[in-house]
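The values are calculated or read from the model by the stated rules, or taken from the named source; none is laboratory data. Just so we're clear, the structure is a prediction, and the values are computed from it rather than from any experiment. Every residue, glycine among them, receives a Cβ derived from its backbone with ideal geometry; neighbour counts consider all protein chains shown. These accessible areas exclude ligands, DNA and RNA; they are computed on the full protein's heavy atoms, side chains included. Shrake-Rupley method; radii C 1.70, N 1.55, O 1.52, S 1.80 Å.
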Amino acid sequence: MRILFLSSEVAPFSKTGGLGDVSGALPWALSERGHHVRVMTPLYRGVPRATLQLVGSPLTLEFPFGRVDLRLFRAPAAGELLFVDAPGLFDRDEYYGYPDDARRFAAFSMAALAFTQADGFVPDVVQGNDWPTGLAMLALRTGFAHTPLGRARRVFTIHNLAYQGLFPASEMEALGLPWDLFTPSGVEFYQQLSFMKAGLVFADLLTTVSPTYAKEIQTPAFGVGLDGLLRHRAGALHGILNGVDVKEWNPATDVFLPRQFTSTELAGRALCRKELIASCRIDAPVPGMPLFGVIGRMAGQKGADLLQVALPKLLEQGASAIVLGAGEPAVQDAWLSLAAKYPRRLCVRVGFDNSLAHRISAGSDFFVMPSRFEPCGLSQMYSLLYGAIPVVHGVGGLRDTVFDLTQPNGNGIVFEQPTPESLFGALVRAVELFRDQAAYGVVQRRGMAADFSWAAAAAEYERLFA
Ligand code: ADP
C-alpha cells in the first residue's frame, strides 16, 4: 500500500509527547512490512536544517486570511520523511499555543496534500493524527474529492481526545471553509470550529491508541463532549495499542545509561540507580524504602495533584523521588515548592530532558503514573522494559499494559480511584513489595520480558487499511 502519514510531531525531530514517538516509529514499522510510506510534518525552528534537501518546486496557497509560500524538504536516510516549510507559520520556538494555530495547521494539512498531488504520489491511505491534521480528512472529501488523492481511504488516529483544536467560528471564513459545514453534524462544536471533529466526521476509519481508551471515549466520562459522535461511529472505531521503539528504548543498548543491563544481568541497573540519585543531588532512600520516578507532561491529565498529596508521607518515612516534566506553571510551581520542603528526598526537574527520562526509567524502583485518563501512555511501557515497576491508575492504555500484582500475570500495581487516598494505598503496596525483594524481582522480570515491539501494532494497522 501507499500510505501518506500526516503528523504535527515526528521524533526525534519534534516531540512533546506520545504523538511524536508514534509518528517516529509506526510509519517505519509499516515500511518494514513492505509498504511505501511517506511522512509529512511541519518544519519547526528546532529541526536541524543542515542536511535537509529541497525537493520539488515551491508552492503558494491562497487562503482568505492571506497567502502562504511553502517549500518542501526531505530528511536524508530517514525513510521518506518530508518537512513542510512555511517560515511565517512554523519557524517558531513552540509547536502549539499560538493565536493563529488554526491557520498554521490548516496550511500544513492543505500544503501536505497539495505537494503530494503535485509530485504524483497517489496514496491508497491517508492517515491523519490528532486535531492538527483534521482538516486534511475534510479536504480529501471536499476540495480534493475529484482528484487522484480523493480516492484514498481516510484514517484518522486519536492520540488524545482532550486536545480538540477549537477555534472561533470566524476562522471558518478566514480558512475559506463553507458555512454549510458549520453544523453539529459537521465541524461545529458548541458554536466553535473543531478541527478534531473534522477528522472524526470525515474519515472512513477511526483508530485510537489502546483498546480500553477506544471504549472509554464513547462514554460521557471520557468523551470530552464527543462521546455521542464516537458512539455513532463505533463501527469504524478501533483501538490499537502503541508499540515501543526498541531501538531507542532498550536497556541493553541504551546510550544514555551509565551502564547497560538486562533482566538476567541487573548489576548495571544498580549502578544506574546510584548515578541517578547522585546526579539529582538527593539522598538515597533509607533501607527498606524505594526510589520513585515520575516523568510526564505537567498537565491536569497526569494526576500530579494526587501525587503531591500522597507522596509527602512516604518521603517523611525515608522514600526518595525524582520528578521530570514541563507544562502548566501551576503544576510546576506545586512540585517545586514540595521539592523545597523536602530538598534531600525529592528532586524536581522542570524541562524536557530525554537523557534524564531514560535514566529515571533505568534507575527508579517504581514508576508512578496516576493519570486521570491515559489514551495509551508510553512511559509506563518504557518503565516496564527498564525494570521500574509501574504504579498506575487503571484507565486507558495503562489498563491494557499494567496488570496488578494480585493477578497471575502481575507486572505492576494498579489503583482504581483517581484520589490521593487510592494512590497512597498503591504506594504503600509498592513499599511492601519492595521489602520482599524476591517477590519484587519476580514482578520486575515479568515486566522486563514484555514484548511491546511495533511489529504487532503495524500488522494490525495494515489489516485495517487493507
Ligand atoms: P503523552 O503523550 O500524554 O505526553 P506518553 O506517556 O504517551 O504521554 O508519552 C510521553 C513521552 O514524552 C514519553 O516518551 C516520555 O518519556 C516523554 N516525555 C514527557 N515529558 C518529558 C520530559 N519532561 N522530558 C523528557 N521526556 C519527556
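Here are the numbers for the structure shown:
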item: Test: ASP227 is closer than 30 Å to LEU200 by Cβ, charged (D, E, K, R) and without any contact (Cβ under 8 Å) to a residue 60 or more places away in the chain; result: yes
item: Set LEU181, LEU166: member being more than 18 Å from PRO42 (Cα to Cα) and in contact (Cβ under 8 Å) with a residue 40 or more places away in the chain; result: LEU181
item: Selection count, the stretch 47-80, where residues are in contact with a helix residue (DSSP H, G or I) (Cβ under 8 Å, 6 or more places away or on another chain) and under 25 Å from TYR163 (Cβ atoms); result: 5
item: Residue check, PRO258 of a type outside the set (S, T, N, Q), away from the ligand (no atom under 16 Å from the Cβ), open to solvent by 30 Å² or more (accessible area, probe 1.4 Å) and outside the structural domain of GLU432 (by TED's automatic domain parsing); result: yes
item: Per-region count, the stretch 211-225, residues closer than 17 Å to ARG372 by Cβ and open to solvent by less than 40 Å² (accessible area, probe 1.4 Å); result: 5
item: Any helices (runs of 4 or more DSSP H) falling wholly within the stretch 2-91 and containing at least 1 residues that are farther than 27 Å from THR208 by Cβ and open to solvent by 30 Å² or more (accessible area, probe 1.4 Å); result: 87-90
item: The listed residue being at pLDDT below 95 and not assigned by TED's automatic domain parsing to the domain that holds GLU374, out of GLY150, GLY120; result: GLY120
